[in-house]
Structures are given as structure tokens and as C-alpha cells.
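Structure record follows, encoded as C-alpha cells.
Derivation of every value follows stated rules applied to the coordinates shown; laboratory data play no part. Source: prediction; values computed, not measured. So basically every Cβ, Gly included, is an ideal-geometry build from the backbone, and we count neighbours across all protein chains shown.
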Amino acid sequence: AFFFGRACRVFFGRVLLQRRRLFARYGECPRGSMPYADPDERRAYGREWMRRNPDKAREAMRRWRRRHPEVHAARTRARYALDPKRFRETIERSPNRAAVRRAMHERRRARALGAGPSFTAAEWIALVEAHGNQCAYDGAPGPLHADHRLPLARGGTNEIENILPACARCNLRKHLMTEDEFRARLAAERGAESAALRLPHHVIEEAADQKDREQAQGDRSDH
């Protein structure tokens, strides 16, 4: 929303200027009868076109920002200076804000470790959606962390190919393990749980009683 005004005036101004030149060259339309020559009508036309073509409008804005990064940054700083509170509120209302924050955090972390290029917010959103908004390890729902298949500390990159969405519990437990190492650990734990469930009930009860006796003996020794 912040960038539509000026960039659209530039974009549609160029389109209409090209049309005017063509009309003048081929005599199809006199200069005085140029459609939307009035600035207000031109802006209204631009807003309506953006409403009907949101994807094309966003791509036009991205192209303009890529071609004019210094101008874009200067205007953003100027808008922030006019009303910092409103600027921040508008940014925070964005539905993609959480993904943008995640990508920014991981980008800063990758730079600090010299891990090279980093994934974008759009790539993170697509990755989470591909995993059904669930942890890639145990299927737990969000919030999800960006987990590195090969940890940065072990030479991994911060590109999307090295990223998996993980719940906080799995992300913390995995720590510096690779994806294969952590999946092997989870499989071993599931195997141990399955084996325990297959034990006869009297064996499980005896083990529980033994644990209780050991705990009681420890409590008496403390006193």
C-alpha cells in the first residue's frame, strides 16, 4: 500500500506517454483528445486497473523497486519520518508479517555465520504450505521454526533447499544433528516405545513397583 502511489503514477504515466506518441505519430488521436489526460482521471484509471489486475500491479511495483532501490529507500524513510506509529501499524497488519520476520531473522543469522544466500518470505510460506502447516518431523501444528537439514554450524546453507518447518520441540531437540541423524533418533525412540507396549502387563507392573521401591529407599536415605 505504501508504494503504490508514486510507482503507479510513474508506471501509468509512461504507458500513457507511449500511447500519446503513437497517436501523434500515426494521426489516430489528436493530442488534445488524449484519453485520461487529466491527472485525476489518470489516477482513477490507475486505481481501477490495479483493482482488476492485482498480480500485474504488484509485479510492476517490484520491478520499479528493483530499478530504483535508492529512491525507494529514501521515500520509505520519509514516510516513516512523517508518522512512525502509523507506518509500523501498517507493516504489522500485513498477513505475511510473521513469514517476513522469520526470513529476516534467518538472513541475519546466516550473514553472521557466513552461510551465504538466504531464503525469502515467499519461499518459507510455500514450504510451510507444502508440509500442510505441520512439523516435518512429528506432524505437530504451528507455530513452526525454520530448521536446517544440515545445521549452519556444520557447514549448511540458509537456502530454502536446506530448510524444513519444525515445531519448537523438534527444533530444540535436533540442535546440531543433521536431518538424517535426528530422524534416526526419532525412529529409535518410536521403536523403544513400541517394544515397551508389547511387554506383558506383569513385567511392566514389576518394573514400576521396582522404580517405586528405589524412589522410597532414596527418600529414606535423604532423611
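Counting 0.36 nm for each residue step from residue 101 to residue 153 and taking away their Cα separation leaves a gain of 16.5 nm. The residue 172 and residue 52 beta-carbon pair, evaluated with R₀ = 45 Å, returns a calculated FRET efficiency of approximately 0.45. Calculated FRET efficiency, residue 43 to residue 123, Cβ-Cβ distance, R0 = 45 Å: about 0.85 to the nearest 0.05.
Estimated at 0.36 nm per residue, the fully extended path between residue 140 and residue 73 surpasses their Cα-Cα distance by 20.2 nm.
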